[in-house]
Amino acid sequence: MSQAEKWGIRPLSNWGRWGKDDQLGTANFITPQVVAAAAKEVQRGRIITCAVPIDRNGPLFPGRQPCVRMMSLMNIPGREVGLKTDSVISDDVIVMPLQGSTQWDGLSHVGYGGSYYNGVPYTAITTERGATRNSIFKLGETLTTRGVLLDMVRYKGAEDKGHLEPEYPITVDDIEGCLAMEKAQVRSGDALLVRTGWVPHWYKHPGERRGYFNHQPGLHLKTIEWIYDREIACVAVDNVNVECVPSGYDEENVFHAIAIRDVGLTLGEIFDFEALAADCREDGRYTCFFAAPPLRFRGAVGSPLNPLAIK
């Protein structure tokens, strides 16, 4: 029995769909034609970042250490470091988990049954080289496509509170109802952007963080069928786990396991869609050109990024 059948959904798999050596997964849906069509979403030239600041104050999942930023050079005369200049120079260094801010989970981030996406064995990740297959590095020239914002906070009438209820499972009916409210449709190769308000809640209410990570609104497992059928290229959510927590199942991270390992779906966490949602409400258009490639960390299983919604 597959993991999907075990948890009550039909078997889903993209293994072999783009060949036995594929390492892009559903990013394959972002064809040149999809990108060219997505560029037509740019009408006003408005650029909106969907990233949280990279610092020590963000919602960092338990077990991951906060970033450390240091000055490696600070107000150093150029001649002291061998440069023919009287200018002074400053450089900095950062040490951080690659999944410690707004970030993508790559296709080597979660596996089960002895393998990652497309049958890649656990042994493909080594201490020395990292992910030798399915690395986030392979996605450096994709994840730029048409974005569709699902403003679930607005759809569920939760604007006064600013976020969905803790543990709220977003259903397929919710997704379709929200799209109908927004008069939006999804297309093959789209990025699905889901606003729950949970990341902003971290920043707005620091005194209410108890249980924050263990009681998150997010996607219900059944939505993976809908995402699969509509050939969504990637999913980004403004929470810390994409799926709702607790999941309602005996195990957690079931959505991650099926989405990443079976479907080959790149998942994004710790996004911030507040400014984008405000702009969408203002102009009544919930689609955008979404430029969100990961950094090219060779061998990495995930990456921080500065995703841009351009309208």
Residue tally, condition in contact with an Asp or Glu (Cβ under 8 Å, 6 or more places away or on another chain) and among the small types (Gly, Ala, Ser), over the range 208-249: 3
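Within the range 50-64, can you find the residues that are under 30 Å from Arg261 (Cβ atoms) and at pLDDT 95 or above? Spell out how you get there, then give the answer.
Residues of the range 50-64 under 30 Å from Arg261 (Cβ atoms): 50-52, 54, 58-64.
Within the range 50-64, Cys50, Ala51, Val52, Ile54, Gly58, Pro59 qualify.
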Matching strands (runs of 3 or more DSSP E) fully within the range 16-102 where at least 1 residues are touching a residue at least 40 places away in the same chain (Cβ under 8 Å): 47-49, 88-95
Filter result for the condition that a residue is more than 24 Å from Gly197 (Cβ to Cβ) and in contact with a helix residue (DSSP H, G or I) (Cβ under 7 Å, 6 or more places away or on another chain), over Arg133, Arg129, Arg146: Arg133
Cβ pairs under 8 Å, 6+ apart, first in the range 288-310 and modelled with pLDDT under 95 and in a strand (DSSP E or B), second surrounded by 19 or more Cβ atoms within 10 Å (Cβ to Cβ) and among the hydroxyl-bearing types (Ser, Thr, Tyr): none
Index of the failed condition, Glu208 passing every other in (1) farther than 28 Å from Ala131 by Cα; (2) under 16 Å from the mean Cα position of the chain (by Cα); (3) not polar (S, T, N, Q): (2)
Tabulated pairs, the range 245-266, first of a type in the set (Ser, Thr, Tyr), second at pLDDT below 95, C-beta under 6 angstrom, 6+ apart or interchain: Ser247/Val254; Tyr249/Trp7
Which listed residue, of Pro32, Pro11, Pro53, is surrounded by fewer than 16 Cβ atoms within 10 Å (Cβ to Cβ) and closer than 30 Å to Asp250 by Cβ: Pro11
Filtered residue count, the range 92-105, keeping only those that are among the acidic types (Asp, Glu) and either modelled with pLDDT under 95 or over 20 Å from Arg56 (Cβ atoms) (or both): 1
Residue match in the range 147-156 (condition: in the same structural domain as Asn57 (by TED's automatic domain parsing), in a loop (DSSP other than H, G, I, E, B) and over 19 Å from the mean Cα position of the chain (by Cα)): yes
Sole exception among (1) out of contact with any Ser or Thr (no Cβ under 7 Å at 6 or more places or on another chain); (2) surrounded by 14 or more Cβ atoms within 10 Å (Cβ to Cβ); (3) in the same structural domain as Ala39 (by TED's automatic domain parsing) for Thr123, by number: (2)
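The values are calculated or read from the model by the stated rules, or taken from the named source; none is laboratory data. What you are looking at is a predicted structure, and each value in this text was computed from that prediction instead of being measured. As a convention, Cβ positions derive from the backbone with ideal geometry for all residues, glycine included, and neighbour counts pool all protein chains shown.
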